[in-house]
Every structure is written in C-alpha cells, then in structure tokens.
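We did not get these values from a lab; they are worked out from the coordinates using the rules stated. This structure is a prediction, so every number in the text was calculated from the model and none was measured. As a convention, Cβ positions derive from the backbone with ideal geometry for all residues, glycine included, and neighbour counts pool all protein chains shown.
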Amino acid sequence: MAGEKWIDEHIKPLGLGGSNDLTNRGPAHIKCASVKTTEQDIPRIAKAKRQKMASLGIKDETKPIPSPGFAKSAKTPRIEKQQLPPRAMFR
C-alpha cells in the first residue's frame, strides 16, 4: 500500500451521531474507506433515518405522478406479401 492514497475519515459517521473533532477521525486507505462508506455507513444512516421518521409518526407517502400516457396511434393495415413465381431448381 506504499504510495497509495489515504484520507482523513470519520470513525463514527456524522449521520449516526459522530463528532467532527479529532477523537472521531483517523487515517484510512481510500479504497477501504469507500467500501466502509458504501457497504456499512450509508445503509446504517438510511435505517436510522427511517427509524426516526417512524418514531415521529412520519409516513413516507410518496406516490408516483400519474401520467396521461401516450395517444393511441392508428394501426396501419398490413401489407400483403406478394407471391413470387416458383424458381426453377434445376436448369
């Protein structure tokens, strides 16, 4: 890992009550930090937000916006296939 990038990362995410002072920060390899963030921190923060909303009695009532749809197109009649004369197999 020599020569690879490192970042300053929060040990306990801010979204889960972590502080922004130096006791909650530490160096982390950039690839390891991104795995921690995407696989652990983001799902845990989303779950905490859902639990908080449920405890406050807030319901997620997002409904899709109804669409008028597209206008019906007139069907065009099918073109009849023309019969070709039979080919001579052997000349």
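Suppose every Lys and Arg Cβ carries +1 and every Asp and Glu Cβ carries -1, with no other charges. What dipole size does the stretch 46-91 come out with about its Cα centre, to the nearest 20 debye? Rounded to the nearest 20 debye, it is 200 debye. Relative to the dominant Cα principal axis of the chain, helix 42-55 is inclined by about 80°. Evaluated on the stretch 6-55, the Kirkwood hydrodynamic radius is 11.5 Å, with distances taken between all distinct Cα atoms. Computing Rg and Dmax of the Cα atoms in Å for the structure here picks out one of (i) 31.2, 94; (ii) 15.1, 55; (iii) 13.2, 42, namely (i). Based on alpha-carbon atoms, the Kirkwood radius and the radius of gyration of the stretch 45-91 give Rg/Rh equal to 1.69. Using the Cα centre as the reference, give the magnitude of the dipole from point charges on the C-beta atoms of the chain (Lys, Arg: +1; Asp, Glu: -1; all else neutral), rounded to the nearest 20 debye. That gives the chain a dipole magnitude of about 880 debye.
Based on the Cβ-Cβ distance of residue 60 and residue 16, what FRET efficiency does E = 1/(1 + (r/R0)^6) give at R0 = 25 Å, to the nearest 0.05?
It comes to 0.80.
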